[in-house]
């Protein structure tokens, strides 16, 4: 994992930022939000390091990297990737489940319950998922399948992404050349959230969709 980061990811984002600056940051975050394995825990603190580095030049403006534009473009990229994953779920995954879901025991009634669940609770789920590993980028696809109303989905996603992006970029700026240590600080928190948050959200979804009741009935 570390070899992949050192040999591929960090040189790649370094080249991307040197070539197109803020737009490169937006592209990297769009890829991350689309559920590809590009960890924001490295993309964002590195941008923060560039903000703190007086010798770093942002190629689009010709000046120094600045905190507010970095946060803005990171969040813009997050939202583009988030909307793309939502659209795939809504128009691709939804059609597949409507046509073939019966083969994996997913009925139209299950999809209808998912629709109601996301319509009622989707905002909270989408927002808090932005801080939980794996769910951070994966939540957009099921939200799309459930056809969560687009405006609330984008609103809660934007607020969560803005908070996450700002915290990691600021952390990278605060640590400067030690920007990679942001991951070390986040690792225990990520582990805790993964162990607690992911099962809690899965159980909440299963309960609201009636899956637990059906499992108990079968038992």
Residue 67: passes all of (1) touching a helix residue (DSSP H, G or I) at 6+ places or on another chain (Cβ under 6 Å); (2) crowded, with 16+ Cβ neighbours inside 10 Å; (3) modelled with pLDDT of 85 or more but (2)
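Does at least one position in segment 53-63 carry a residue that is surrounded by 19 or more Cβ atoms within 10 Å (Cβ to Cβ), within 20 Å of residue 166 (Cα to Cα) and free of Cβ contacts under 8 Å to residues at least 60 places away in the same chain?
Yes, segment 53-63 contains at least one residue that is surrounded by 19 or more Cβ atoms within 10 Å (Cβ to Cβ), within 20 Å of residue 166 (Cα to Cα) and free of Cβ contacts under 8 Å to residues at least 60 places away in the same chain.
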For residue 190, work out the one condition from (1) more than 12 Å from the chain's Cα centre (by Cα); (2) modelled with pLDDT of 75 or more; (3) part of a helix (DSSP H, G or I); (4) under 28 Å from residue 83 (Cβ atoms) it doesn't fulfil.
-> (2)
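Residue-by-condition table, conditions (1) closer than 18 Å to residue 180 by Cα; (2) touching a strand residue (DSSP E or B) at 6+ places or on another chain (Cβ under 7 Å); (3) in a loop (DSSP other than H, G, I, E, B):
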{"residue": "12", "(1), (2), (3)": "yes, no, no"}
{"residue": "15", "(1), (2), (3)": "yes, no, no"}
{"residue": "24", "(1), (2), (3)": "no, no, no"}
{"residue": "41", "(1), (2), (3)": "yes, no, no"}
{"residue": "48", "(1), (2), (3)": "yes, no, no"}
{"residue": "55", "(1), (2), (3)": "no, no, yes"}
{"residue": "72", "(1), (2), (3)": "no, no, no"}
{"residue": "78", "(1), (2), (3)": "no, no, no"}
Go through 161, 114 for me and flag whichever is out of contact with any strand residue (DSSP E or B) (no Cβ under 8 Å at 6 or more places or on another chain), part of a helix (DSSP H, G or I), modelled with pLDDT under 75 and surrounded by 21 or more Cβ atoms within 10 Å (Cβ to Cβ).
-> 114
If you go through segment 131-153, how many residues are assigned to a helix (DSSP H, G or I) and in contact with a helix residue (DSSP H, G or I) (Cβ under 7 Å, 6 or more places away or on another chain)?
-> 11
Residue list for segment 168-185, filter: over 8 Å from residue 48 (Cα atoms) and either at pLDDT 80 or above or in contact with a helix residue (DSSP H, G or I) (Cβ under 6 Å, 6 or more places away or on another chain) (or both) = 175, 177, 178, 181, 182, 183
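The values are calculated or read from the model by the stated rules, or taken from the named source; none is laboratory data. Note that the coordinates shown come from a computational prediction; the quantities given were computed from them, not determined experimentally. Neighbour counts run over all protein chains shown; Cβ positions are idealised from the backbone, glycine included.
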